[in-house]
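Quick one: this structure, given as structure tokens, is what I'll be asking you about.
Read the figures in this text as sums done on the coordinates, not as results from a lab. Note that the structure is predicted; figures quoted are calculated from it, not measured.
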Amino acid sequence: MTGADLALLLTVLTGLALRALGLALGGAVRPDHPLIAWAAAVSVATLAAFVALAVAAPTGLLATIPLPARLAGLAAGAITFAATRGAILPALLAGLAGLGFARLITG
Amino acid sequence: MPPPFLTAARDALGAPAFAMGATFLAFGAAVAEAGLSLPWAVLCTATVYGMAGQLVLLGLAATPGAAVAPAVIAATAANARFLPMAVALAPLLGRSRARWLALPFIAITPWAAAMRRLPALPDADRRTWFLGFALASWSAAILATALGHALAPHLPPAVRAALLFANPLYFALLLAADLGRPGVRGAVIGGVLAAPLAIPLGSAWGLLAAGLIGGTLAFALQRR
């Protein structure tokens with residue numbers, strides 16, 4: 001077993017443990033317990049922070065997309081989303097097209 | 001097979017599968033680029049099943065001779081959202097033992113879909129709906145990973161970067177669609193405002209900190 005295999009195995013186990021702990025905790029309290037609302041708020045905030053960072057300050061391969069192209073992709077998605085009253089797939093495709101188009105212009 | 005399972009599987013194979021497919025395709029290609037095997041890529045998607053942690057793991061563990069413990073700790077921190085997500089989802093999955101079947105599939109995409117759809121379904125249909133959605137999106141993710149690994153030599157970095165962008169774009173749209181749900185608007189604002197805190201901490205720990213701080217503040221303000 002290589003280091004990468006061992007790291008994968010251990011990450012799988014910690015991920016399953018986090019999910020199991022969450023299911024056990026969430027199943028042990030009343031559905032209207034503040035813990036449930038707090039956990040939902042933290043999950044949504046994490047997702048929102050993930051999106052904000054991916055657009056404004058990405059790392060890795062995403063960082064190779066220039067900021068104007070990332071913003072163009074987000075704007076094209078948002079405009080299509082508003083124009084179609086919340087249709088996600090067309091907005092997603094338009095966002096990726098907007099990003100590609102902006103990259104062609106900005107290089 | 002009960003209808004909720006099929007309805008959910010069909011739902012999953014639209015925008016969710018497209019967004020996940022694009023991201024996991026990029027992940028499969030990145031694994032091939034790093035010199036790791038197809039089974040490693042597919043196993044990683046099928047069992048870690050959380051893109052933030054997978055990318056951190058790949059980045060830290062793929063270099064030969066890399067230390068295992070820091071890679072595992074950082075990947076776990078990057079996927080720490082599994083814990084609050086599972087807590088929030090648990091009441092919707094009911095109290096029977098069968099809810100544990102959902103365990104390996106608790107990840108952003110099925111979670112976000114479940115939080116929107118399950119409250120409107122009868123209790124009896126909720127677990128079946130979740131499993132239908134989860135199995136369809138999980139299968140799509142695995143297929144896309146394998147395809148990405150095979151296609152790696154034909155995917156230039158600019159294309160892979162664009163595919164990776166599908167993921168944040170999809171979540172931005174999901175959040176926009178959910179702004180009307182109770183508690184969501186405050187938590188979105190909290191998360192965005194706390195995001196700069198993540199920059200000095202690095203991607204794995206920073207996301208965890210931003211989510212905890214932004215979400216807790218939003219929660220506290222909403223309860224006042």
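Just to be sure I understand: if I project the alpha-carbon convex hull of the protein assembly as shown onto a plane and average over all orientations, what area do I get in nm²?
It is 16.3 nm².
Let me ask something additional. Under 8 Å for C-alpha pairs, at least 6 residues apart: give me the relative contact order for chain A, rounded to a whole percent.
Here the relative contact order equals 19 percent.
When the helix-only estimate is applied to the protein assembly as shown (DSSP H runs of n ≥ 4, each -39,500 (n - 2.57), divided by the residue count), what is the mean residue ellipticity at 222 nm, nearest 500 deg cm²/dmol?
Calculated mean residue ellipticity at 222 nm is -24500 deg cm²/dmol.
Per the Kirkwood definition applied to all pairs of different Cα atoms, how many angstroms is the hydrodynamic radius of region B:179-224?
Over region B:179-224, the inverse of the mean reciprocal pair distance is 10.5 Å.
Any chance you could list P(r) for chain A, counting all Cα-Cα pairs in 10 angstrom bins from zero, rounded to whole %?
So the P(r) values, bin by bin, are 13, 24, 25, 28, 10, 1.
OK, next. Share of Cα-Cα pairs in chain B beyond 32 Å, in percent?
The calculated P(r) of chain B puts 19 percent of pairs beyond 32 Å.
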